[in-house]
Structures are given as structure tokens and as C-alpha cells.
Amino acid sequence: MSDEQPVLTTEQKELLYLIARLTDSLNCPTSWIKETPLQALIFHGIRKGLFNEYDYAPISTSFLGQGRKFVNISKECEDDLGDLRELGLLETIRVSSEKHDYITGYRPTKDSVNVIKSLENDIRNRVDTLFQCPFCKSPNYNLNINVENSAFIMKCADCKYVENIPLIIPEDVSYNTQPYFFPFLIKKDTKEQ
């Protein structure tokens, strides 16, 4: 990678910093974040107003070795993960579980260290709020996963405040429809005048 830093969108910066924070890449360059917990935190972040350009929708996918489930996934985030890989800022690892499910892990590359160090404080602070308890403001607000119940929970280590992340619960979304008829399907009056 050249000395010139790539131009990243705000969401790509937030995503890169989130992954760096989760893997503690500056202190422990051999750790990875699994895709499912990352998806849960992305979903949680979108709902908290962090990733402004991301949206999510329920998509059927293999889930925690329990077969297929509908999971609220951000396609924009998946696209940004691919872009960060192409820029040489992220690397992935793909391993197989005992149940023959594939698990993808992410971590920042060595080339991303300068980019991460140069991120604006505003970006860092917004991502850090995901790990700050909304009740007692403690920075010990972490993701807990109960695989048996497919539950994702943010839990404060200090005050024990708990917040559910409904990653596998599709939302009801209201929408309006309007019929559209192609012009060639509309019956015309053929009577001569």
C-alpha cells in the first residue's frame, strides 16, 4: 500500500474503527471478530443512529450452527466490508465449524494502522458510544451472545443494565402501494365518431 491514505466514507471509517476496537488490532494483531457478532453490532449501531447511510433487511442465512434463520443484515455494510478489503485495510479468514458451517472473521491489516490512528475524534466517539451504558454511562457495556436462545444482548458489567438486540426478529414495515397499468394494457375506446 502506498503512503497516500485512501479516501473513505464516514461509514467505512466507522466500520474500520469498530472492527479495530473489537479486535484490539493495535495491541493484539492476531485476534479476529466473527461475522455474526459484527452483524449484531452493525444492526445495533444502525438502530442507534451510528451508520447513517446503512439500512437493514431480514435475509435468510446460515446462523450460529442452527440452520437457516432470517437475520437483519445490512447489504451496504457488506459492500463496505468488501471495499475495505479491496483497499487492503481489512483481511478475512474463513473457517469451518464442527457442524460444517462456514464462519468468516475480520481484522484490520497492518496497512490500516495509520488510517485508524488518523481517524477523527468524532468518528471514534460515535463508535465508542455503542459500548457506553445508556443507564449509568459506564464504558463496560459489552455484547453477550446466548447461542442456545439465539439472543444478542448488550450488558453493562457495572450496573447490570441489559438491552436486547433483535437481530433475528424481522420488523413489520408499513408501506403503500398503488396500481400501475402499462399504457398498452389500457383498453381504448375504438368507436368512430
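Where a number appears in this text, it was derived from the coordinates with a stated rule and is not lab data. What you are looking at is a predicted structure, and each value in this text was computed from that prediction instead of being measured. Note that each Cβ is placed from the backbone with ideal geometry, even for glycine, and that neighbours are counted across all protein chains shown.
Tabulated data
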read-out	value
Filter on 69/155; 75/155; 75/160; 13/117; 13/160; 13/110 - keep pairs with C-alpha separation over 21 Å	69/155; 75/155; 75/160; 13/160
Gained length - residue 9 relative to residue 159, 0.36 nm times residue gap less alpha-carbon distance	50.5 nm
Residue-wise HN-Hα coupling along segment 63-80, computed from phi with Karplus coefficients 6.51, -1.76, 1.60 (Hz; x: Gly, Pro)	9, 6, x, 10, x, 8, 9, 7, 10, 6, 10, 9, 5, 4, 5, 4, 5, 5
Given charges at Cβ of Lys, Arg, Asp, Glu: the chain dipole, positive-most of 59, 8, 186	59
Neighbourhood net charge (11 Å Cβ-Cβ; Lys/Arg +1, Asp/Glu -1) for residue 33	+1
Unpaired by the 4.7 Å Cβ criterion, cysteines found in the chain	28, 77
Debye equation applied to the C-alpha atoms of segment 129-177, log10 I(q)/I(0) at 0.14, 0.20, 0.28 Å⁻¹	-0.44, -0.68, -0.98
Simple label model, 7 Å out from Cα along Cβ direction - residue 128 to residue 78, nm	3.3
Helix 35-47 axis, angle to the chain major axis (alpha carbon atoms, nearest 10°)	70
Additional length obtainable on full extension of the chain from residue 61 to residue 91, 0.36 nm per residue less Cα span	8.6 nm
Residues whose placed amide H lies under 5 Å from that of residue 71, excluding near-sequence neighbours	59, 60, 61
Descending principal axes extents, segment 1-144, alpha-carbon based, whole Å	43, 40, 28
Positive-pole candidate from 70, 44, 141, dipole of segment 1-153, charges at beta carbon	141
Between helix 10-23 and the chain: long-axis angle, C-alpha atoms, 0 to 90°, nearest 10	40
Straight-distance crosslink candidates among aspartates and glutamates, where the alpha carbon sits under 15 Å from residue 34 and sequence neighbours closer than 8 are dropped	24, 78, 91, 101
Percent breakdown of C-alpha pair distances by 10 Å bin, ordered from the shortest bin, for segment 63-193	9, 21, 30, 19, 7, 6, 4, 3, 0
